[in-house]
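Colleague: Take a look at the following structure, please.
What follows is calculated from the coordinates using simple rules that are stated; it is not laboratory data. Just so we're clear, the structure is a prediction, and the values are computed from it rather than from any experiment. Cβ coordinates were reconstructed from backbone atoms using ideal geometry, including for glycine residues, and neighbour counts include every protein chain displayed.
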Amino acid sequence: MKELALEINNVSFSYKDSGQILKNINLVLEKTNSMGIAGANGSGKTTLFYLITGILKPESGFVNIYGKPVKHGKFNPDCGFVFQNPDNQLFSPTVYDDLAFGLYNLGFSDIEIKQRISSALEKLSLEHLKTRAPGHLSGGEKRLMSLLSVLVMEPGLLILDEPTSGLDMKYRRVLINLLNSIKVPKIVSSHDLEFILETCDYSALLHNGKIFGKGKTGELFSNRGLMEECHQEIPYSLKNIQI
């Protein structure tokens, strides 16, 4: 059996004010794969990510990352989480400071930090943004910088919550190319199912707090009955191969 980057076993979770959000979630992600999570608003996608990262604690079941249990409230360097809103992730005076923040906390030297940041910015031809204040970046630039602030730490698992929200076509394509170029297992939630098709080998449909279907992304998203049951629309590129 291939090494598992992520194992979610019978996980359930409830909020005190809104009842049960997730019910007996079971998912695995191999180290060599990526997974998309599709679902309507309120289906529990962000809550699931908070459980994977340890921000929230399951009321039952468990989450393992590379065979190690996720501990509630403890930073896990194997797990890199890119928030849905980049303003929640970028808070330093300059882009460089934001990219350096996690590396400083992991104990890297000034020289190593400078090398990692220079390499990351150079790959995307974004060196000119290094001294810019995050508040002065465009929406697309902010989203890329929030992703880079995680990638420079070289996590073993990358989690992205609605990464294309607010992106124009230029930065959407830059993001797709970047994600497909990095050899890190990814789990991605998005309403942009064409984006998931291009970046994720496998996907799962989350509806009313339950997994209604999972499998190879193209096959799953072509299943008309299942997609309609989960309030999803078959991506345009798959319209002619419905099952």
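Colleague: Which value, in debye to the nearest 20, gives the size of the charge dipole of the chain about its Cα centre, when Lys and Arg are +1 and Asp and Glu are -1 at the Cβ?
Modeller: The calculation lands at about 260 debye.
Colleague: Please report the orientation-averaged projected area of segment 1-59, defined via the convex hull of its C-alpha atoms, in nm². Spell out each step's value before the answer.
Modeller: Details: hull surface 17.9 nm².
Taking the Cα atoms of segment 1-59, their convex hull projects to 4.5 nm² on average.
Colleague: Cut-off 10 angstrom, C-alpha nodes, Gaussian network model of the chain. Which of Ala38, Ala100, Ala133 fluctuates the most?
Modeller: Fluctuation is largest for Ala133.
Colleague: I've got another one for you. Under the rule that an exposed site lies in a DSSP loop and has at most 12 other Cβ atoms within 10 Å, name the longest stretch of the chain with no trypsin sites (Lys or Arg not before Pro) of that kind, not counting the sites themselves.
Modeller: The reported range is 75-182.
Colleague: I would also like to ask the following. In degrees from 0 to 90, rounded to the nearest 10, what is the angle of the helix 95-105 Cα long axis to the longest principal axis of the chain?
Modeller: The angle comes out at about 80 degrees.
Colleague: Tell me, what is the FRET efficiency for Arg132 and Val184 to the nearest 0.05, using R0 = 30 angstrom and their Cβ-Cβ distance as r?
Modeller: Working: r = 26 Å, r/R0 = 0.87.
About 0.70, to the nearest 0.05.
Colleague: How large is the helix-only mean residue ellipticity at 222 nm for the chain, computed as the sum of -39500 (n - 2.57) over DSSP H runs with n ≥ 4, divided by its residue count, in deg cm²/dmol to the nearest 500?
Modeller: -9500 deg cm²/dmol
Colleague: If you don't mind, another one. According to the square roots a ≥ b ≥ c of the eigenvalues of the Cα gyration tensor, what is the shape class of segment 162-243, taking rounded for a/c under 1.5, prolate for a/b larger than b/c otherwise, and oblate for the remainder?
Modeller: prolate
Colleague: When a/c is below 1.5 the answer is rounded, else prolate if a/b is larger than b/c, else oblate, so apply that to segment 40-104 with a ≥ b ≥ c taken from the square roots of the Cα gyration tensor eigenvalues.
Modeller: Cα axes put segment 40-104 in the oblate bin.
Colleague: Is the shape of segment 126-199 rounded, prolate or oblate, going by the alpha carbon gyration tensor and its root eigenvalues a ≥ b ≥ c, with a/c under 1.5 for rounded and a/b larger than b/c for prolate?
Modeller: oblate
Colleague: Right, something else. How large is the convex hull of the C-alpha atoms of the chain per residue, in Å³? Let's see the in-between values first.
Modeller: On the way: hull volume 32.0 nm³, N = 243.
That works out to 132 Å³ per residue.
Colleague: Suppose the chain between Ser92 and Lys216 were pulled fully straight at 0.36 nm per residue; how much longer would it get relative to their current alpha carbon spacing? Write out the running numbers ahead of the final one.
Modeller: Values: separation 124, 0.36 × 124 = 44.64 nm, distance 3.95 nm.
That works out to 40.7 nm of additional length.
Colleague: Helix 110-123 versus the longest principal axis of the chain: what is the Cα-based angle in degrees, 0 to 90, to the nearest 10?
Modeller: 60 degrees
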